[in-house]
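A short reminder: the numbers here are calculations on the coordinates, not readings from a lab. The shown structure was predicted, so the numbers you read here are calculated from the model rather than taken from an experiment. Positions of Cβ are generated from backbone atoms using ideal geometry, with glycine treated the same way; all protein chains shown enter the neighbour counts.
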Amino acid sequence: MQPDPTPPAGLKPLTPGLAAKFASLAGPHGALDEPSDIAPYTQEPRDLYHGASPLVLRPATVEQVSAILHLAHEERIAIVPQGGNTGLVGGQVPFGGEIILSLSRMNRIRDVDAAGNTLTVEAGATLAAVQYAAADAGRLFPLSLGSEGSCQIGGNIASNAGGMHVLRYGNMRDLVLGLEAVLPGGAVIHGLKALRKDNTGYDLKSLLVGSEGTLAVITAATLKLFPRPADVATAFVGLPSLDAAGAFFSQASEGAGPLLTAFELMPRAILDFAFRHIPRHRDPLAARYPWYAVIEISSPVGDGVAERAALSILEAAMEAGTVADAAIAASDAQARAFWCLREGIVEAQKYEGGSIKHDVSVPVALIPRFIAEATAAVEALVPGARPVPFGHFGDGNIHFNVSQPVGGDAAADKAAFLARWDEMQALVHGIVLKYGGSISAEHGIGRMKADALAAIKSPAEMALLRGIKAAFDPRGVLNPGKVVAKLTALD
Ligand SMILES: Cc1cc2nc3c(=O)[nH]c(=O)nc-3n(C[C@H](O)[C@H](O)[C@H](O)COP(=O)(O)OP(=O)(O)OC[C@H]3O[C@@H](n4cnc5c(N)ncnc54)[C@H](O)[C@@H]3O)c2cc1C
């Protein structure tokens with residue numbers, strides 16, 4: 001999708017005079033207006049969307065964010081909040097020449113309370129920086145994503161990020177205790193409470209989690225910390241079939257209970273992509289299997305309990321025929337190599353040409369049926385297409401990605417294949433909905449799925465979503481065209 005510089009209805013274009021006013025509100029070194037400086041903020045990781053913006057603001061304080069949003073509301077100028085720019089649904093991309101409001105300079109860890117198991121951090125800190133700060137205090141911040149070196153806590157909250165450890169610790173919504181945020185108009189919500197219980201009416205914090213920059217700009221958060229696991233066992237597991245994956249997940253959940261902290265699924269085809277294109281990856285198992293799992297068992301007690309649990313689960317599963325072969329990591333380095341391979345499959349897809357991606361979820365027990373039906377459907381739609389469904393099996397979250405057919409003119413075929421995105425998406429989403437699933441498990445709605453959202457929610461639900469948007473942002477200045485694309489209640 002290419003940018004259209006016409007501002008959305010009800011909003012105004014940015015004049016040079018207003019641009020100078022905004023720049024002065026962001027303080028010294030707080031504004032970028034050279035195209036070469038702006039370019040990294042308008043490209044996104046998949047190279048699917050190409051944004052355009054005349055100005056990037058990088059405020060350093062919540063007061064500056066407040067002044068910027070006040071002026072934007074008064075002058076009806078559109079703003080796109082941006083964190084690490086790793087979002088996968090175009091939510092952080094300016095499509096109509098909006099100002100980009102980057103939180104990257106607001107990146108301080110404000111407080112770590114190890115005894116209370118909380119950490120307070122500004123929105124622009126990277127997820128990795130928060131993980132390190134927690135580790136320095138002898139605690140765990142469990143959110144873990146392939147993009148953790150670049151994505152920011154504000155972006156994680158705004159997109160309600162999931163990742164590898166949702167199975168045990170929940171997604172970002174479950175990890176946020178309090179938020180500081182600025183509303184369009186400039187009012188600051190001072191909600192940095194470290195409370196586990198707070199039933200004081202409607203929960204504004206929960207509304208802001210997952211709001212994808214459409215309701216407010218998140219400037220800081222108080223997050224939950226956990227004890228660090230003293231003992232972790234990571235296994236790379238070869239599975240004879242997809243049905244066996246389902247049976248093995250049940251065995252692992254029963255055998256490890258809350259100690260099962262991750263259960264990721266991958267097909268052989270996507271591992272082959274990684275081995276073909278990324279030399280550092282090695283196959284941990286001697287033979288080939290149609291499906292694989294990476295599982296992690298963690299215990300807060302360091303007496304070898306995790307490894308004993310992993311061994312006994314794997315032995316029983318091999319006896320039952322649900323597991324064909326497995327390697328338990330013998331060192332931290334080997335465990336990291338298993339995870340590196342799991343994360344490497346995301347990158348590897350881009351070397352195989354065009355890829356049509358679906359971030360969906362279905363009830364865990366229905367995953368094998370969903371994958372089988374969706375695979376048959378996309379292969380019938382585009383003969384030769386190569387489905388490589390993988391993901392967070394334990395959460396019912398499958399990235400049902402489909403690579404373009406092999407052969408022919410790669411560049412022309414890529415364009416022709418990607419031109420079928422909407423058609424294939426409608427087909428896969430139809431099957432997801434039939435199984436009682438969700439068309440966005442963890443990446444959000446952004447621009448990519450705004451039309452799809454309007455098509456699947458009831459009129460009553462859409463009216464409520466639009467009403468919430470209008471209550472927070474009556475002039476529609478924050479992230480127009482995202483999540484609820486068409487508004488009704490603008491003043
Ligand atoms: C290699 C790779 C692996 C990934 N793996 C996962 C995964 O396992 N699970 C997962 O859930 N996601 C994953 N993602 C997607 C992405 O990293 C997450 O959605 C992440 O949470 C986005 O954070 P960000 O800081 O980059 O946000 P951005 O991309 O900058 O923004 C995302 C959305 O949040 C809004 N936003 C950002 N900051 C703020 C703020 N301070 N206040 C208000 N709104 C804001 C933006 O307007 C936009 O709508 C992956 C991405 C990549 C590239």
### Cα long-axis angle, helix 62-75 against the chain (0 to 90 degrees, to the nearest 10)
60
### Stokes-Einstein D for segment 16-105, Kirkwood Rh over Cα pairs, 25 °C, 0.890 mPa s (µm²/s)
188
### Rounded to the nearest 20 debye, dipole of the chain from Cβ charges on Lys, Arg, Asp, Glu
620
### Query
Using modelled backbone amide H atoms (1.01 Å from N, in-plane), which distant-in-sequence or interchain residues come within less than 5 Å of residue 225's amide H?
118, 119
### Query
Amide H to amide H under 5 Å from residue 220: which residues, 5+ apart in sequence or cross-chain, H placed 1.01 Å off N in plane?
123, 180
### Task
May I have the pair-distance distribution P(r) for segment 114-227, computed from all Cα-Cα distances with 10 Å bins from 0 and rounded to whole percent?
15, 50, 30, 5, 0
#### Entry: Taking the C-alpha atoms of segment 146-296, convex hull volume expressed per residue in Å³
171
## Note on the structure
Going residue by residue through segment 402-411, the Karplus relation 6.51 cos²θ - 1.76 cosθ + 1.60 with θ = phi - 60° gives ³J(HN,Hα) values, rounded to whole Hz and with x marking Gly or Pro, of 10, 8, 5, x, 8, x, x, 8, 3, 5
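Using unit Cβ charges (K, R positive; D, E negative) and no other charged atoms, how large, in debye to the nearest 20, is the dipole of segment 114-227 about its Cα centre?
Details: 8 positive and 8 negative charges, 69 e Å.
With only Lys, Arg, Asp and Glu charged at Cβ, the dipole is about 320 debye.
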### Message
Using 5 Å bins from zero, what percent of all Cα-Cα pairs in segment 231-349 falls into each bin?
### Response
2, 12, 23, 24, 20, 12, 5, 1
#### Entry: the chain: angle of helix 421-434 to the longest principal axis, Cα-based, in degrees nearest 10
70
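Past 23 Å, Cα to Cα: identify those pairs from 12/482; 357/482; 205/357; 197/449, in the order given. Walk me through the numbers before you get to the answer.
Working: 12/482 18 Å; 357/482 19 Å; 205/357 30 Å; 197/449 34 Å.
205/357; 197/449, as the Cα separations exceed 23 Å there.
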#### Entry: Inter-label distance, nm, simple model (7 Å from Cα along the C-beta direction), residue 334/residue 366
3.9
### Query
Relative to the longest principal Cα axis of the chain, at what angle does helix 268-277 sit, 0 to 90 degrees, rounded to 10?
70
### Task
Calculate, axis by axis, the spread of Cα positions in segment 353-434 along the three principal axes, and write the results as whole Å, longest axis first.
40, 20, 17
### Message
Taking amide H atoms as placed 1.01 Å from N in the peptide plane, list the residues 5 or more away in sequence, or in a different chain, whose amide H sits under 5 Å from that of residue 49.
### Response
44
### Task
Calculate the length of the line joining the C-alpha centroid of segment 231-256 to that of segment 7-34, in whole Å.
53
### Query
From largest to smallest, what semi-axes in whole angstrom does the chain give when each is the square root of 5 times an eigenvalue of its alpha carbon gyration tensor?
38, 28, 20
### Query
Residue by residue through segment 280-290, which ³J(HN,Hα) values in whole Hz follow from phi under the Karplus form 6.51 cos²θ - 1.76 cosθ + 1.60 (θ = phi - 60°), with glycine and proline marked x?
5, 7, 10, 6, x, 10, 6, 9, 9, 10, x
### For segment 338-346, 3J(HN,Hα) per residue [Karplus equation, 6.51 cos²θ - 1.76 cosθ + 1.60, θ = phi - 60°, Hz, x = Gly/Pro]
4, 5, 5, 5, 4, 6, x, 5, 5
### Query
When the helix-only estimate is applied to the chain (DSSP H runs of n ≥ 4, each -39,500 (n - 2.57), divided by the residue count), what is the mean residue ellipticity at 222 nm, nearest 500 deg cm²/dmol?
-11000 deg cm²/dmol
### Task
Could you check the simple spin-label distance between residue 132 and residue 33, using points 7 Å along Cα→Cβ, in nm with one decimal?
3.5
